[in-house]
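Structure first, then comments.
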Amino acid sequence: MNKNKRMVIAGGSGFIGEFATTHFSNNGYSVTILSRNKPSWNSNYDWIKWDGKTTGQWTNCLENVDVLINLSGKSVNCRYSEINKQLLISSRINSTQILGESITKCQTPPRLWLNASSATIHSNSSKPVGEDEHQAEGFSPDLCRLWEKTLYESNTPNTRKVALRMGLVLNSSGSTMTYFKTLARLGLGGTLGTGKQHISWIHWQDFIQALEWIIDSPKLNGPINLVSPTPTENRIFMKTLRRVLSVPIGIPAKEWMVQIGAFILGTSSELILWDRNVVPKKLIRSEFKFKFPTIDKALGHLLS
């Protein structure tokens, strides 16, 4: 139990923020959420209105904080138009930059800063890749590099910093899982694209436990892949999903069909077709234990 410890979650109004707030407030942390709108959860937390780009009285809440978690950023579940690309960039870079500037003004700065990033920084690879291997090119990886560069260039020498390279965080009712479940139950849950592209994912409970592990492990810093140790090919993911949901048939979709479907749904086909063969080498070396290391265990628990 971590009595009397303080945590600030910037951009914490999404489902990850809800899980984190619930877990840490139940385990002795006093949690403050910075966001544009107050979340409607029943969890015990304080809320401060925050636009993610300007300073103000809110900066006082960073004083003498044990953990700052920054989850700010426009959802990647959108069509990658030029306007949306600019919003994806600005929402991430501005929030990270203003948090860094605010930390420099603290008398007693946060001891740890966990800043969101993404596993999409890694390129396609036939072998699983760790934190220091195979970075990709393109809009999403370039955005991740700029995001992490902004974090590390912040002049905060007394604050340990970690970039959370998140994969697909699986929970039972999030928008991603709802999308996959709907496809499967309509008989459309077959292989998407070639089916050989890997999905780097993590069960939400392992995600929260990994955050706690990082908090309690002062030697962990820099980029950390927040994914399960077993990336899963799309064809295996969809097959497992159908089995858990007791859906016998799944019609496959060619890449061009996925692209058309994504356009109609107002999202990017990259979220489904990008190959993310990423593993959490730093977590494994630190002897972190995953509760749901395989996709059958994860989906079996989430959808049972």
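The values are calculated or read from the model by the stated rules, or taken from the named source; none is laboratory data. Because the structure is a prediction, the values reported are computed rather than measured. Because the Cβ atoms are built from the backbone with ideal geometry, glycine has one as well, and the counts that use them run over all protein chains shown.
What the table below lists for this structure:
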read-out: Single residue of the range 281-295 satisfying the filter (in a loop (DSSP other than H, G, I, E, B) and touching a residue at least 60 places away in the same chain (Cβ under 8 Å)) that is farthest from D216 (Cα to Cα); value: T294
read-out: Number of positions in the range 149-179 that are touching a helix residue (DSSP H, G or I) at 6+ places or on another chain (Cβ under 6 Å), modelled with pLDDT under 90 and surrounded by 15 or more Cβ atoms within 10 Å (Cβ to Cβ); value: 1
read-out: Tally, over the range 277-304, of residues that are acidic (D, E) and either crowded, with 16+ Cβ neighbours inside 10 Å or closer than 20 Å to H198 by Cβ (or both); value: 1
read-out: Matching strands (runs of 3 or more DSSP E) fully within the range 10-84 where at least 3 residues are β-branched (V, I, T) and more than 23 Å from S172 (Cα to Cα); value: 29-35
read-out: Pairs where the first residue, in the range 78-100, is within 14 Å of S140 (Cα to Cα) and touching a residue at least 60 places away in the same chain (Cβ under 8 Å) and the second is assigned to a helix (DSSP H, G or I) and among the acidic types (D, E), C-beta under 8 Å, 6+ apart; value: Y80/E270
read-out: Top-ranked residue in the range 47-79 [being within 22 Å of the chain's Cα centre (by Cα) and of a type in the set (S, T, N, Q); ranked as modelled with the lowest pLDDT]; value: N77
read-out: Any chance G73 is among the small types (G, A, S), in contact with a helix residue (DSSP H, G or I) (Cβ under 6 Å, 6 or more places away or on another chain), in contact (Cβ under 8 Å) with a residue 40 or more places away in the chain and buried (at least 22 other Cβ atoms within 10 Å of the Cβ); value: yes
read-out: Condition check for E131: crowded, with 18+ Cβ neighbours inside 10 Å and of a type in the set (D, E); value: yes
read-out: Residue in the range 254-281 that is nearest to E212 (Cα to Cα), counting only those that are in contact with a Phe, Trp or Tyr (Cβ under 9 Å, 6 or more places away or on another chain) and charged (D, E, K, R); value: R276
read-out: Residues satisfying the stated conditions in the range 15-57, i.e. touching a residue at least 40 places away in the same chain (Cβ under 8 Å) and under 24 Å from E101 (Cα atoms); value: G17, W50, G52, K53, T54, T55
read-out: Single residue of L183, L114, L146, L188 found to be outside any strand (DSSP E or B), out of contact with any Cys (no Cβ under 7 Å at 6 or more places or on another chain), at pLDDT 95 or above and of a type in the set (A, V, I, L, M); value: L146
read-out: Within the range 27-46, considering residues that are within 21 Å of the chain's Cα centre (by Cα) and not hydroxyl-bearing (S, T, Y), the one modelled with the lowest pLDDT; value: W41
